[in-house]
């Protein structure tokens, strides 16, 4: 009987403990909510003037503008802190993409790709394994960089094995002398794989002005060469093959506005010369692509962050053509930057 009483007593204690734990949890939860409400009501609002006065005092006589206001190369003044009042009068906070005055873009349905660039280094099988790995981690755009001497039908087949070309954006960079050959091999690979060519998206990085920008060597035949590239990619309506690598201007030391201006000028020159040579202006425009280098200057004051090209994507249901053996396949949807 004593043992039974002891067990019943323990059970009673446990039930009470559980009861108190539950109620204490709810009490703490309600108490935290009250504290959160009081957090903003117990303290008076601090004006910008008060913040500036405190910062000035901490500077101990040093000039606020000289010490803390950063002047960018483009002529912008970046303050050390900003407040909600700084947004007054700006169109950006209430603006929506695709709506006037278009401060957030001209389209409502932009989907930014998450891109991973891969240096092939002569080993297509290893590069393919890396590509499949990053696709399983959320990447939906691939960039392959390889030598012109690597280009062959077997190389392309190995590089793209188990990758669905109509579901993941594919971008390629190789020697300019092999671009036409590569595009033809790539197109034949897609056809032999039964892929709908109209669903293939991506780019082949052919920049007509690369030689003069990188090595200072002019190419007087660039228009004829660009025409050959354009013709080779006619069967791939959504693959851009006429690139403007604006990051080369950045690497040469240009400011942001210079990079933008020169890139637009290059794009305009490609369009003008090819249309003069008989190409359709709309076709040239759809094949053109401008690649910028993103900068964090306005945020951190100096560093530059190299990054992949920004392009508009499609809603992919799955990026891989089939699951890895022994693994359950889950649908992969677009990730947005």
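The values are calculated or read from the model by the stated rules, or taken from the named source; none is laboratory data. No experiment lies behind these values; they were computed from the predicted model shown. Note: ideal-geometry Cβ built from the backbone for every residue, glycine included; neighbour counts use all protein chains shown.
Taking the range 78-105 as the region of interest, how many residues are in contact (Cβ under 8 Å) with a residue 12 or more places away in the chain and over 22 Å from the mean Cα position of the chain (by Cα)?
Let us first name the residues in the range 78-105 that are in contact (Cβ under 8 Å) with a residue 12 or more places away in the chain, namely 78, 80-81, 83, 85, 91-92, 96-97, 103-104.
Then keep just the ones that are over 22 Å from the mean Cα position of the chain (by Cα); that gives 78, 80-81, 83, 85, 91.
Here the count works out to 6.
When you scan the range 134-149, do you find a residue that is assigned to a helix (DSSP H, G or I) and under 18 Å from the mean Cα position of the chain (by Cα), even just one?
So in the range 134-149, the residues assigned to a helix (DSSP H, G or I) come out as 134-135, 148-149.
Next, from what is left, pick out any that are under 18 Å from the mean Cα position of the chain (by Cα): 134-135.
Yes; the residues of the range 134-149 include at least one that is assigned to a helix (DSSP H, G or I) and under 18 Å from the mean Cα position of the chain (by Cα).
Just one of 125, 121 is modelled with pLDDT of 85 or more, part of a loop (DSSP other than H, G, I, E, B), in contact with a helix residue (DSSP H, G or I) (Cβ under 9 Å, 6 or more places away or on another chain) and within 25 Å of residue 205 (Cβ to Cβ); which is it? Walk me through it before giving the result.
Working: 125 fails: part of a loop (DSSP other than H, G, I, E, B).
Exactly one of 125, 121 is modelled with pLDDT of 85 or more, part of a loop (DSSP other than H, G, I, E, B), in contact with a helix residue (DSSP H, G or I) (Cβ under 9 Å, 6 or more places away or on another chain) and within 25 Å of residue 205 (Cβ to Cβ), namely 121.
Residue 198: surrounded by fewer than 15 Cβ atoms within 10 Å (Cβ to Cβ), in contact (Cβ under 8 Å) with a residue 40 or more places away in the chain and closer than 23 Å to residue 141 by Cβ, yes or no? Walk me through how you get there before you give the answer.
Details: surrounded by fewer than 15 Cβ atoms within 10 Å (Cβ to Cβ): yes; in contact (Cβ under 8 Å) with a residue 40 or more places away in the chain: yes; closer than 23 Å to residue 141 by Cβ: yes.
The answer is yes for residue 198.
When the range 56-65 is examined, which residues are found to be at pLDDT 90 or above and either under 16 Å from residue 86 (Cβ atoms) or not in a loop (DSSP other than H, G, I, E, B) (or both)?
Correct list: 57, 58, 59.
List pairs: first in the range 39-54 and on the phi < 0 side of the Ramachandran plot and assigned to a helix (DSSP H, G or I), second exposed (fewer than 10 other Cβ atoms within 10 Å of the Cβ) and at pLDDT below 90, Cβ under 8 Å, 6+ apart or cross-chain?
Filtered contacts from the range 39-54: 48/85.
Name the helices (runs of 4 or more DSSP H) wholly within the range 231-337 that hold at least 3 residues that are at pLDDT 50 or above, in contact with a helix residue (DSSP H, G or I) (Cβ under 7 Å, 6 or more places away or on another chain) and buried (at least 18 other Cβ atoms within 10 Å of the Cβ)? Give the steps one after another, and end with the answer.
On the way: elements: 247-251, 256-276, 281-287, 297-300.
It comes to 247-251, 256-276.
Can you pull out every residue in the range 231-265 that is over 21 Å from the mean Cα position of the chain (by Cα) and under 15 Å from residue 186 (Cβ atoms)?
231, 232, 233, 234, 235, 236, 237 - these are the residues of the range 231-265 that are over 21 Å from the mean Cα position of the chain (by Cα) and under 15 Å from residue 186 (Cβ atoms).
Filter the range 129-138 down to residues that are surrounded by fewer than 21 Cβ atoms within 10 Å (Cβ to Cβ) and touching a residue at least 24 places away in the same chain (Cβ under 8 Å) and give me whichever is nearest to residue 165 (Cα to Cα). Spell out the reasoning first.
Taking the range 129-138 first, the residues surrounded by fewer than 21 Cβ atoms within 10 Å (Cβ to Cβ) are 129-130, 132-134, 136-138.
Now drop any that are not touching a residue at least 24 places away in the same chain (Cβ under 8 Å), which leaves 132, 136, 138.
Working: 132: 12, 136: 15, 138: 16 Å.
Step by step, filter the range 129-138, then rank; the result is 132.
Exactly one condition in (1) over 17 Å from residue 119 (Cα atoms); (2) more than 25 Å from the chain's Cα centre (by Cα); (3) modelled with pLDDT of 95 or more is false for residue 199; which is it?
All conditions are met except number (2).
If you go through the range 161-183 one residue at a time, how many are more than 13 Å from residue 113 (Cα to Cα), surrounded by 16 or more Cβ atoms within 10 Å (Cβ to Cβ) and out of contact with any helix residue (DSSP H, G or I) (no Cβ under 7 Å at 6 or more places or on another chain)? Walk me through how you get there before you give the answer.
Pass one, the range 161-183, residues more than 13 Å from residue 113 (Cα to Cα): 161-166, 172-183.
Imposing the further condition that a residue be surrounded by 16 or more Cβ atoms within 10 Å (Cβ to Cβ) reduces the set to 163-166, 172-174, 176, 178-180, 182-183.
Next, only the ones that are out of contact with any helix residue (DSSP H, G or I) (no Cβ under 7 Å at 6 or more places or on another chain) stay: 164, 173, 182.
Residues meeting the conditions: 3.
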